[in-house]
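Contents: one structure, followed by commentary.
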Ligand SMILES: NC(=O)c1ccc[n+]([C@@H]2O[C@H](COP(=O)([O-])OP(=O)(O)OC[C@H]3O[C@@H](n4cnc5c(N)ncnc54)[C@H](O)[C@@H]3O)[C@@H](O)[C@H]2O)c1
């Protein structure tokens, strides 16, 4: 699937892994439609990227807000003529909490809902609403591709730590839905891939204490360091370009296997 002269919808595109992906795809000739909660960061990103970028302030747990952003993206595509090449569902949050705490209080349902609504429901809803505009694309190249869906899971999908039940549930679900999504979309020539990063530098991990970050770094095999967002973006680029990547979860983790506790 070619990157240049295609539009990519990227949620969480104003920061971290989503922003690095937007910059990389844009540098390779893509048009990028960025959906993010953070209006200031989104506006700043678009002002640095220029006319091949658009920003929509969206909470991905709000289905109407996604609908408006898709509508806006489709209107933009009518002007540019650059069809949707893919969706990168990058918006995500973590909210740690033990299933039962020291006071014997169970984890608040609101906290579980918050994480699932953004990481899982928001991911599926964005994909669901973008797809009708992808299935009608002109088939491209010798395989007749119409686009690619890229999702972000986490090492927590496989070895979630204490206090991560909600986050691990959301990311495990994203990993699990990758194959059935690819199967549903194969008849349209649309692929689905999930990338599961370990520790990567971003605003999300900037909030971790030095002790927590060091402990996670110690769990890496090689290289013993946090991944860089640009290294993540390279895997997205390859996922778009390499038609044989489909229905799979790519662990991007320096062979890290997270221990139960830090
Ligand atoms: N950085 C890591 O170490 C790491 C590891 C594994 C998985 N991930 C996953 O990667 C994805 C990107 O995270 P990141 O590390 O780049 O974090 P980040 O905080 O730098 O970026 C996340 C972006 O998502 C946006 N966002 C949050 N809630 C939103 C909502 N409801 N609607 C729309 N946008 C929203 C934020 O405003 C932010 O711009 C997340 O899904 C995260 O779970 C990150």
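The values are calculated or read from the model by the stated rules, or taken from the named source; none is laboratory data. All figures in this text were calculated on a predicted structure; none of them were measured in a lab. Cβ atoms come from the backbone with ideal geometry, glycine included; neighbour counts cover every protein chain shown.
Just a few scattered comments:
- Residue within segment 98-115 that is within 10 Å of the ligand (Cβ to nearest atom) and either at pLDDT 95 or above or closer than 18 Å to residue 17 by Cα (or both) present: yes
- Flag if residue 191 is farther than 17 Å from residue 92 by Cα and either in contact with a strand residue (DSSP E or B) (Cβ under 8 Å, 6 or more places away or on another chain) or more than 14 Å from the ligand (Cβ to nearest atom) (or both): yes
- Only one of 69, 65 that is within 15 Å of the ligand (Cβ to nearest atom), over 17 Å from the mean Cα position of the chain (by Cα) and in a helix (DSSP H, G or I): 65
- Note on segment 22-43: among residues that are assigned to a helix (DSSP H, G or I) and in contact (Cβ under 8 Å) with a residue 24 or more places away in the chain, the one that is farthest from residue 127 (Cα to Cα) is 41.
- Residue pairs whose Cβ atoms lie under 6 Å apart, separated by 6 or more positions or on different chains, with the first residue in segment 84-104 and under 30 Å from residue 148 (Cα atoms) and the second assigned to a loop (DSSP other than H, G, I, E, B), are 84/134; 85/6; 90/12; 91/12; 91/60.
- Exactly one residue among 50, 29, 16 is on the phi > 0 side of the Ramachandran plot and within 9 Å of the ligand (Cβ to nearest atom), and that residue is 16.
- Being farther than 17 Å from residue 12 by Cα and at pLDDT 95 or above is a property that does not hold for residue 90.
- Residue match in segment 203-222 (condition: in contact with a strand residue (DSSP E or B) (Cβ under 8 Å, 6 or more places away or on another chain) and within 15 Å of the ligand (Cβ to nearest atom)): no
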